[in-house]
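To keep things clear, I will list the structure first and then write my remarks on it.
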Amino acid sequence: MRDRDPIVWTSAMDRELASDSGAELAALAERMDRGEIHTLVCVGTNPVYDAPAGMNFAEKFARVDTTICWSVGASETAAESTWSVNGAHWLESWGDVEAWDGTLSAIQPMIAPLYEPALSEIEFLALIAGEENPDGYELVTGVWADRIGQARDSSVFNKTWRRALHDGLLASPPRATGGPRMQLDAIADAVRTFEIAPAPTLESMEVVFTPGHTWDGRHANNGWLQELPDPASKVVWQNPAYVSPATAKALRLLPVGGEDPYTKQQIPEARIARVTVDGVSMDLPVWIQPGMPDNTIRLALGYGRTRAGQVGNGVGHNTYSVRRAGAATAHGARLERGRGTEPVASTQNHWSMESRTSIVRAIDRKYWDKHAGAAPLNKPDAIYGTPRRDGGLNLAEQLGELSHTPEDVSIYRNPLNASTDAPHPESVYAKGPQWGMSIDLASCTGCGVCTIACQSENNIPIVGLREVAKGREMHWIRVDRYFTGDDLNNPTEMFMQPVACVHCENAPCETVCPVTATIHGPEGTNNMAYNRCIGTRYCANNCPYKVRRFNFFDWGQAKFKGGLDPKYVGKTLAEGSAEEIKFNDNFIPPRLRAKVDEISKMQHNPNVTVRPRGVMEKCTYCIQRINRARQEVKVRKIWTSPDQVGPIPDGFFQTACQAACPTESIVFGDTLDPSSAVVEAKDSDRTYLLLGYLNTRPRTSYAMRVRNPNEKIGVYDHTDPLSHGGGHGEGDGHHDGESHEAPPHDSDGHDGEQHGSAIFKDRKRSVQDRGYAMSLRVLGGAHA
């Protein structure tokens, strides 16, 4: 047995972290029920909404003589309280935090409170403690002065404080701790009494509670988060009960449409089911989720708010009503088919790759180590016999269609690169900067943070459940999700792939626009001239990546959910419009709709145009950030070296999606700068172009996933993916460990080809057509 690293640091668990909040809340509810609590103060909590089932907290809360609620925004608890105190947002407040090792860090407000008067959390607590006119800054600096042992009014403390604000933390010695005190007897007792729940069945199912994008419900009034698709299901504005396909079929809960449920109609209709947990029942729609364990239900928390605000009220179902105190799971639940259906909006209703797995590519490390670094595949064209001019195909490109198709050569000369393939040395594309992007599929987790960052940066509106169901979502960057394998009940893998405008050099959208509203810039970006666009939508139809978005309504210029303007319809109707108007709110005449107020306008980026109705839009590579960086470099004379490659140093700025990505999967920069991070990312055997065989020459490339599975558990590629008939993009097409040997002649006359392969060669067509190379298997391998 090898030596283990010694424990070099331990941190004692504080009392608050070690406490059982569920038990404490239950004890509080009992005291309220007995009349022992006369004044109750709630700070930043909403127990009337999210208290566990069976506690009857709302009923007991109403019996307390005086209730005070401090909250940021509306809440169910604030609505039921005697006094509701307007709280300042944490971005408007002073505060501080202490790390696990004792490091102190100050929280500085980014803006003054928008709604005066507003007390921060610490100011409110100080007020309750008896301090008059508390000030957050004074409170924080006073605590820090006492903590570090310096007089608050001294120059020494002032210097220390300013340095801490500059650095973001206080450079101080770490907190001294002793060795770990292991309570072995208590651990043994806990293990001895631990019981494993029996395996779930159709009659006794397991329920797993997970937080949604709105977290515990506190962000329910944030339309950005409501419209952000769930990473796995891609459902928006809803929290259905997720079950596996086999469970749904066994309980007769397959939605309208049967086996291919969510592509048969424009707006999917999910069956209503009744979930019963410990005798408490609720009805909600059911959504089939591949990869879910059988006899298991996943319920998302944080929905079904009644006092969240205009956006969050009435969205989804409150699953706290069936959740017990302190429990993340429940056992012994029942799921029964209810009556009726409910529309559920999803941004991606298809699941399977259907053998077209060259879109997202992956390879086991065993074969990566075997082939990585090898010479590029540079054999002559199989049809015409001409030598390749692109230097050959790397490993990732050999896994796709390019190994079976003629070389990408345009039939006309692109005026910006003065060539039919790679840019001519004297062309526009040969002069810097030339912008490009690389997205790493190995590190992307599908969290969707890039989508939110792009929405915030580029003034992208929300459209609501019904418009999303019609395919009218406005996100410039989406995160596609695919399942691989032959059985959707047990998919082999789930892939995540962010897709935005890839800024093709040979852009199909540009050639069909009748008014030249979409054009190419000299730096390789595909640009939009909004004031030229007349809304023909030809560009969206001709885009193979489907990344263009059309404004069917004035999303960004009027209130969401059709807020009515009291100037024209009266105050009573305007204030009740959210509940009274049941039809599509966007059909309200523009003259009757309330304009976006001044506070809402503050969320907009002044450097980005707000697009009106009838205009097409898409990713711009954050061109406003490019222009700002260019101006700043010029004004400040940051880069004046004669050896500079372009006008902007690498890393001087980042696109919004790149800056927000927590795993640094997105890299952006000048592709002509040999020292740039994007050039380093693209210069890899993992790099390939999405739909590269179309010769669109996209500036955004992808890095395929390299898996490192434990071979004792299982592998994905059972044979070398570069061997003939191995699938070329789906490994070998064998994801379940079976041989899947192809017969000499299949029913379609495709000789010697494997069923898991994405391509096949038809001998009849080879004889009839001299230019025939291969056929793509549209439906094969994995079916939904």
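Looking only at residues of the stretch 460-472 that are closer than 17 Å to residue 547 by Cα and buried (at least 19 other Cβ atoms within 10 Å of the Cβ), we find that the one that is modelled with the highest pLDDT is 460. Determine whether the stretch 485-506 contains at least one residue that is aromatic (Phe, Trp, Tyr), surrounded by fewer than 23 Cβ atoms within 10 Å (Cβ to Cβ) and under 20 Å from residue 703 (Cα atoms). Yes, because at least one residue in the stretch 485-506 is aromatic (Phe, Trp, Tyr), surrounded by fewer than 23 Cβ atoms within 10 Å (Cβ to Cβ) and under 20 Å from residue 703 (Cα atoms). For the stretch 289-319, a residue qualifies if it is of a type in the set (Ser, Thr, Tyr) and surrounded by fewer than 24 Cβ atoms within 10 Å (Cβ to Cβ), and the qualifying residues are 296, 306.
Comparison of 33, 65, 50 shows that the only residue that is among the acidic types (Asp, Glu) and buried (at least 19 other Cβ atoms within 10 Å of the Cβ) is 50.
Residues in the stretch 696-708 that are buried (at least 20 other Cβ atoms within 10 Å of the Cβ), assigned to a loop (DSSP other than H, G, I, E, B) and among the polar types (S, T, N, Q): 696 alone.
Return a yes/no flag: does the stretch 406-413 have any residue that is of a type in the set (Lys, Arg) and assigned to a loop (DSSP other than H, G, I, E, B). Yes, some residue in the stretch 406-413 is of a type in the set (Lys, Arg) and assigned to a loop (DSSP other than H, G, I, E, B). Taking the stretch 205-244 as the range and being within 20 Å of residue 468 (Cβ to Cβ) and hydroxyl-bearing (Ser, Thr, Tyr) as the test, the residues that pass are 214, 233, 242. Consider the stretch 184-205 and keep the residues that are outside any loop (DSSP other than H, G, I, E, B) and among the aliphatic types (A, V, I, L, M). The one that is nearest to residue 476 (Cα to Cα) is 205.
Pairing each residue of the stretch 154-165 that is under 12 Å from residue 140 (Cβ atoms) with any residue that is β-branched (Val, Ile, Thr) and modelled with pLDDT of 90 or more, provided the two are 6+ apart or on different chains, yields C-beta distances under 9 Å for 161/141.
Being part of a helix (DSSP H, G or I), in contact with a Phe, Trp or Tyr (Cβ under 8 Å, 6 or more places away or on another chain) and under 21 Å from residue 321 (Cβ atoms), is that true of even one residue in the stretch 61-71?
First pass over the stretch 61-71, keeping only residues part of a helix (DSSP H, G or I): 61.
Applying the additional criterion that residues be in contact with a Phe, Trp or Tyr (Cβ under 8 Å, 6 or more places away or on another chain) yields none.
Checked against the condition, which is being part of a helix (DSSP H, G or I), in contact with a Phe, Trp or Tyr (Cβ under 8 Å, 6 or more places away or on another chain) and under 21 Å from residue 321 (Cβ atoms), the stretch 61-71 yields no hits at all.
The set of residues from the stretch 421-452 being part of a helix (DSSP H, G or I) and surrounded by 22 or more Cβ atoms within 10 Å (Cβ to Cβ) comprises 429, 450, 451, 452. Scan (1) touching a Pro at 6+ places or on another chain (Cβ under 6 Å); (2) crowded, with 17+ Cβ neighbours inside 10 Å for the single condition residue 626 breaks and write down its number. Only one criterion is unmet by residue 626, namely (1).
Just to be sure, is residue 126 aliphatic (A, V, I, L, M), closer than 30 Å to residue 28 by Cβ and touching a strand residue (DSSP E or B) at 6+ places or on another chain (Cβ under 6 Å)? For residue 126, the condition - aliphatic (A, V, I, L, M), closer than 30 Å to residue 28 by Cβ and touching a strand residue (DSSP E or B) at 6+ places or on another chain (Cβ under 6 Å) - is not met.
Go through the stretch 138-158 and give me each residue that's hydroxyl-bearing (Ser, Thr, Tyr), surrounded by fewer than 17 Cβ atoms within 10 Å (Cβ to Cβ) and part of a helix (DSSP H, G or I).
Of the residues in the stretch 138-158, the ones hydroxyl-bearing (Ser, Thr, Tyr) are 141, 154-155.
Then keep just the ones that are surrounded by fewer than 17 Cβ atoms within 10 Å (Cβ to Cβ); that gives 154-155.
Across the stretch 138-158, the qualifying residue is only 155.
So in the stretch 492-520, with the set limited to residues that are within 30 Å of residue 718 (Cα to Cα) and assigned to a strand (DSSP E or B), which one is farthest from the chain's Cα centre (by Cα)? If you could, list the steps in order and put the result at the bottom.
Filtering the stretch 492-520 for residues within 30 Å of residue 718 (Cα to Cα) gives 492-499.
Narrowing the set further to residues that are assigned to a strand (DSSP E or B) leaves 493-499.
Numbers: 493: 18, 494: 15, 495: 13, 496: 10, 497: 11, 498: 9, 499: 12 Å.
Going through the qualifying residues, I end up with 493.
Taking every residue in the stretch 438-463 that is charged (D, E, K, R) and pairing it with any residue that is part of a strand (DSSP E or B), at least 6 positions away or on another chain, the pairs with Cβ-Cβ distances below 9 Å are 440/666; 440/667; 440/702; 440/703; 440/705. From the list 393, 416, the one residue that fits, being touching a strand residue (DSSP E or B) at 6+ places or on another chain (Cβ under 7 Å), at pLDDT below 90 and either closer than 29 Å to residue 773 by Cβ or of a type in the set (D, E, K, R) (or both), is 393.
What about residue 110, is it over 24 Å from residue 46 (Cβ atoms) and modelled with pLDDT of 90 or more?
Details: over 24 Å from residue 46 (Cβ atoms): yes; modelled with pLDDT of 90 or more: yes.
Criteria met by residue 110.
Number of residues in the stretch 453-470 that are assigned to a loop (DSSP other than H, G, I, E, B) and more than 16 Å from residue 230 (Cα to Cα) equals 6. All told, residue 660 falls short of being at pLDDT 95 or above, farther than 15 Å from residue 702 by Cβ, in contact with a Ser or Thr (Cβ under 8 Å, 6 or more places away or on another chain) and of a type in the set (A, V, I, L, M, F, W, C).
Sort through 23, 78 and tell me the only one that's in contact (Cβ under 8 Å) with a residue 12 or more places away in the chain, assigned to a helix (DSSP H, G or I) and exposed (fewer than 13 other Cβ atoms within 10 Å of the Cβ).
23
Using the structure shown, decide if residue 125 is assigned to a helix (DSSP H, G or I), over 34 Å from the mean Cα position of the chain (by Cα) and buried (at least 18 other Cβ atoms within 10 Å of the Cβ). Against the criterion (assigned to a helix (DSSP H, G or I), over 34 Å from the mean Cα position of the chain (by Cα) and buried (at least 18 other Cβ atoms within 10 Å of the Cβ)), residue 125 does not qualify.
Does the stretch 348-355 contain any residue that is more than 16 Å from residue 213 (Cβ to Cβ), among the aromatic types (Phe, Trp, Tyr) and out of contact with any helix residue (DSSP H, G or I) (no Cβ under 6 Å at 6 or more places or on another chain)? Taking every residue of the stretch 348-355 in turn, at least one turns out to be more than 16 Å from residue 213 (Cβ to Cβ), among the aromatic types (Phe, Trp, Tyr) and out of contact with any helix residue (DSSP H, G or I) (no Cβ under 6 Å at 6 or more places or on another chain).
Of the set (1) modelled with pLDDT of 80 or more; (2) charged (D, E, K, R); (3) surrounded by 15 or more Cβ atoms within 10 Å (Cβ to Cβ), all apply to residue 585 but (1).
Given the residues 511, 492, 518, 484, which is the only one that is in contact (Cβ under 8 Å) with a residue 40 or more places away in the chain and within 21 Å of residue 417 (Cα to Cα)?
Values: 511 fails: in contact (Cβ under 8 Å) with a residue 40 or more places away in the chain; 492 fails: within 21 Å of residue 417 (Cα to Cα); 484 fails: within 21 Å of residue 417 (Cα to Cα).
The conditions single out 518.
Here the strands (runs of 3 or more DSSP E) wholly within the stretch 206-322 that include at least 1 residues being more than 29 Å from residue 485 (Cα to Cα) are 269-277, 280-288, 296-301.
Within the stretch 511-522, does at least one residue satisfy the condition of being among the aliphatic types (A, V, I, L, M), in contact with a Ser or Thr (Cβ under 7 Å, 6 or more places away or on another chain) and at pLDDT 95 or above? No, because not a single residue in the stretch 511-522 is among the aliphatic types (A, V, I, L, M), in contact with a Ser or Thr (Cβ under 7 Å, 6 or more places away or on another chain) and at pLDDT 95 or above.
In the stretch 523-558, the residue that is modelled with the lowest pLDDT out of those that are touching a Pro at 6+ places or on another chain (Cβ under 8 Å) and of a type in the set (S, T, N, Q) is 557. With respect to being surrounded by fewer than 20 Cβ atoms within 10 Å (Cβ to Cβ), within 22 Å of residue 480 (Cα to Cα) and of a type in the set (S, T, N, Q), residue 201 falls outside the description.
The values are calculated or read from the model by the stated rules, or taken from the named source; none is laboratory data. Everything numeric in this text was worked out from a predicted model, so none of it was measured. Using ideal geometry, Cβ is built from the backbone for each residue, glycine included, and neighbour counts are taken over all protein chains shown.
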